[in-house]
Amino acid sequence: MKQKGREKMPLKVMVLGGYGNFGARICRALALDSNIELTVAGRDGERAADFAAGLGFAQGAAVDMHAADFAQVLRERHIELVIHTAGPFQSQDYGVARACARAGVHYIDLADGRRFVCDFSSALHADFVAADRLAISGASTVPALSSAVVDTLCEGWQRLDTLDVCIAPAQTAPRGVATLRAVLSYCGAPIQVWREGQWQSQIAWAKPRQVLFRRLKPRLGALCDIPDLELFPAHYQLRQRMEFRAALEVGLSQRAFALLAWLRSVGWLKQPARLAALLNVSAKLFDPLGSRLGGMVVRATGLDADAKPVKRAWHIAADKDHGPEIPCMAAILLAKRLAKGEHMAAGAYPCVSRHTLAEFGPEFAKWGMVTDLVEERCEGVGVP
């Protein structure tokens, strides 16, 4: 906070994995903010320094976030906020966040691992309250953007019955082995999904079905395991169904994932995640069959303010391989708000309803992304 008679100092921010697929995008955005003093951090100090030098207003640092002295490193560097982008989070514990709490540092991550995000508050809330610092998990497309979309779609509604979310990445968009490893970690595994007003077990990435988009061609989308599946039914008092699907642009790729899911489900493939590096390379062979256009859709049904059945959808289309900017936006917005001195209650929270959809608008415009809010036909929707 700004003290009387003293100029406010820039917020000292460290981005872990700062030269990686998502970390680099966040660093590019934050390096331009005069309220932030940026440190690009990673295991490779030379790579971090080279990337930071290219930004002009940042420094690089060799940092091992799993080291026993990580909290001390944060204290010595006077870091005030850590943004953790070094996934996959499905295989991580809360060691980095706990070190931040011990060091008295705010914490934000881009986690999309269901257990990581859903158990975050119960595991860490007391630590961050005691430290009088804020910790946010899941500051990414899900659940940060997805919850902002649902809040807008259903504003004023009396009841929310179903939610269907689908992300459709561009075939040629930059891919990361860590992201693919995270997806493969649960491919073919049973996951709990809210259907027909109760929890049911479904196989992840199996049995893809067609999903329609406003500005993209229809794609096959397969069920994925994300925090929203668990967080949203309670947060929105969802009556009937919550589903999240990923729709790859090349249908052959989607069917290949379905095959891997089947192989794991019958016990013939124990650890699909071991194939991440190979699949990341081989996926490029399909690039000529795809495009640079990706997107997302969120569909909701329920009863509006007048108790009438309603079905509404929000779409976004991201061209020129800009889709990977979207998972970075929530963390960027949060960091800038903290840097401006905005007060946020101490504690550890999932990133649900932390942003309004309007806050994302300038970020979408920066990358030429187009959004549509569509009223759809709703015969039979909302009927008990």
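The values are calculated or read from the model by the stated rules, or taken from the named source; none is laboratory data. A quick note: this is a predicted structure, and the numbers were derived from the prediction, not measured. Counting neighbours? That spans all protein chains shown, and the Cβs are built from the backbone with ideal geometry, glycine included. In case anyone asks, the SASA skips ligands and DNA or RNA and just uses the protein heavy atoms, side chains included. Shrake-Rupley method; radii C 1.70, N 1.55, O 1.52, S 1.80 Å.
Some values worked out for this structure:
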read-out	value
Test: residue in the stretch 126-133 that is without any contact (Cβ under 8 Å) to a residue 24 or more places away in the chain and surrounded by fewer than 18 Cβ atoms within 10 Å (Cβ to Cβ)	yes
Check on Ala178, touching a Gly at 6+ places or on another chain (Cβ under 9 Å), in a loop (DSSP other than H, G, I, E, B) and closer than 26 Å to Leu293 by Cα	no
Count - residues of the stretch 257-273 that are without any contact (Cβ under 8 Å) to a residue 12 or more places away in the chain and either within 20 Å of Ala173 (Cβ to Cβ) or open to solvent by 60 Å² or more (accessible area, probe 1.4 Å) (or both)	5
Glu37, sole failed condition from (1) at pLDDT 95 or above; (2) open to solvent by less than 50 Å² (accessible area, probe 1.4 Å); (3) in contact with a strand residue (DSSP E or B) (Cβ under 7 Å, 6 or more places away or on another chain); (4) over 21 Å from Phe128 (Cβ atoms)	(2)
Selected residue (criterion: nearest to the chain's Cα centre (by Cα)) from residues of the stretch 43-102 that are surrounded by fewer than 16 Cβ atoms within 10 Å (Cβ to Cβ) and acidic (Asp, Glu)	Asp93
Identity of the residue in the stretch 257-271, in a helix (DSSP H, G or I) and either modelled with pLDDT under 90 or of a type in the set (Phe, Trp, Tyr) (or both), that ends up farthest from Pro288 (Cα to Cα)	Trp262
For Thr301: the one exception among (1) among the β-branched types (Val, Ile, Thr); (2) out of contact with any Phe, Trp or Tyr (no Cβ under 9 Å at 6 or more places or on another chain); (3) surrounded by fewer than 20 Cβ atoms within 10 Å (Cβ to Cβ)	(3)
Helices (runs of 4 or more DSSP H) contained entirely in the stretch 99-169, each with at least 2 residues that are within 22 Å of Val211 (Cα to Cα) and polar (S, T, N, Q)	146-153
